[in-house]
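The structure under discussion appears below in the form of structure tokens.
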Amino acid sequence: MRLFYNKNLLEDDSRLIIEREESRHIVKVLRKKVGDTIYVTNGKGILFTTKIDIINKNNTELKIINSKKESKSKFHINIAVAPTKNNDRIEWFVEKSTEIGIHTISTILCEKSERKKIKTDRLEKITVSAMKQSLQLHKPIVEELISFEEFIKNCSSEDKFIAHCKETKKLFLNNCRLKSKTITVLIGPEGGFSENEIGLAEKHGFISVSLGNNRLRTETAAIAATQILSAYNADI
């Protein structure tokens, strides 16, 4: 199955117009014809089964045959990560975490952060591409970069963790018992969280955790946390 995306598609819509770029891909690259089936999602958990009704010069008109809503995940996973100095690495994390099944990607500015700006629109495009490639029906939310302090003060998740390498008493993330359906894990920059940041997070209810015995890069740690938490949503 090949999946297409249209964020404006509503559950009770009966038709959809695919604009020029994707229309060209459908007709010229995939060689689809009138009557062929096209699958579309709005990124909100709904899969639309459509058939090509009309092929125009600049667009393709689809008739929606039916829609199916995916069951909601048991847990909402939010990884709050300090963007890496190398932009390719944070983009890699966004792509792979989308494939795994993350729900929200928060970006935080820490004391030791080397990257002070991010291109949210670029990360949004990566989530769309990864969502379609991995046949996900939910597009992750990518939040704008905010300060560490602002984020932890306003974090609404009930289960909150901060992953760091400091020699303190910590639990392994995969051994933590979850008390709610909303989970946030903080992942620091290349230089790690400062003592002040760890203390402030713990003061606001974050639990210090470890992701294992090895020292991980920022993006690797963020992926490891995503994978650990995604197991809670797997039907095993």
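Rounded to the nearest 500, what is the chain's calculated 222 nm mean residue ellipticity when only DSSP H runs of at least 4 contribute -39500 (n - 2.57) each, over all residues?
The helix-only estimate for the chain comes to -8000 deg cm²/dmol at 222 nm.
Report the calculated FRET efficiency for VAL34 and ILE65 (r = Cβ-Cβ distance, R0 = 25 Å), to the nearest 0.05. Before the final figure, lay out each step's value.
Values: r = 14 Å, r/R0 = 0.56.
Once the sixth-power term is evaluated, E becomes 0.95.
In nm, give the distance between the simple-model label positions of HIS25 and ASP88, each being 7 Å from the Cα along the Cα-to-Cβ direction.
2.3
Using only the Cα atoms of the chain, what semi-axes does the equivalent ellipsoid have when each is the square root of 5 times a gyration tensor eigenvalue? Give whole Å, largest first.
Details: eigenvalues 305, 67, 39 Å².
Taking √(5λ) for each eigenvalue gives 39, 18, 14 Å, largest first.
Net charge within 9 Å of PRO189 by Cβ-Cβ distance, Lys/Arg positive one each and Asp/Glu negative one each, not counting PRO189 itself?
Details: positive: LYS85, LYS112, ARG115; negative: GLU111, GLU114, GLU190.
Within the 9 Å Cβ shell, the charges total 0.
From the C-alpha gyration tensor of the stretch 109-210, pull out the three semi-axes of the equivalent ellipsoid (sqrt of 5λ each), sorted largest to smallest, in whole Å. Provide the component values of the computation, followed by the final result.
Values: eigenvalues 129, 69, 33 Å².
Semi-axes from the Cα gyration tensor: 25, 19, 13 Å.
Quick one: what Rg and Dmax do you get for the stretch 66-112 from the alpha carbons, in Å?
14.0, 50
So what are the radius of gyration and Dmax for the Cα set of the stretch 174-218, in Å?
Every Cα atom of the stretch 174-218 included, Rg and Dmax give 11.7, 31 Å.
Any number yet on Rg/Rh for the stretch 3-69, C-alpha, Kirkwood? Could the numbers behind the result be given before it?
Details: Rg = 10.9 Å, Rh = 11.7 Å.
In the stretch 3-69, Rg relative to Rh is 0.94.
Measure off 7 Å from each Cα along the Cα-to-Cβ vector at ASN175 and ASN154, then give the distance between these two points in nanometres to one decimal.
3.5
Between THR104 and SER73, what is the label-point separation in nm under the 7 Å Cα-to-beta-carbon projection?
So the label points at SER73 and THR104 sit 1.2 nm apart.
Using 0.36 nm per residue of separation minus the Cα-Cα distance, give me the extension gain between TYR232 and LYS116 in nm, one decimal.
Numbers: separation 116, 0.36 × 116 = 41.76 nm, distance 3.28 nm.
Length difference between fully extended and current span is 38.5 nm.
Net charge near PHE48, counting Lys/Arg +1 and Asp/Glu -1 over other residues with Cβ under 10 Å of its Cβ?
On the way: positive: LYS68; negative: GLU11, ASP13.
Spelling it out: positives minus negatives among the neighbours equals -1.
We did not get these values from a lab; they are worked out from the coordinates using the rules stated. Everything quoted here is computed from the prediction, not taken from an experiment. Cβ sites come from the backbone with ideal geometry, for glycine too, and all protein chains shown count toward neighbours.
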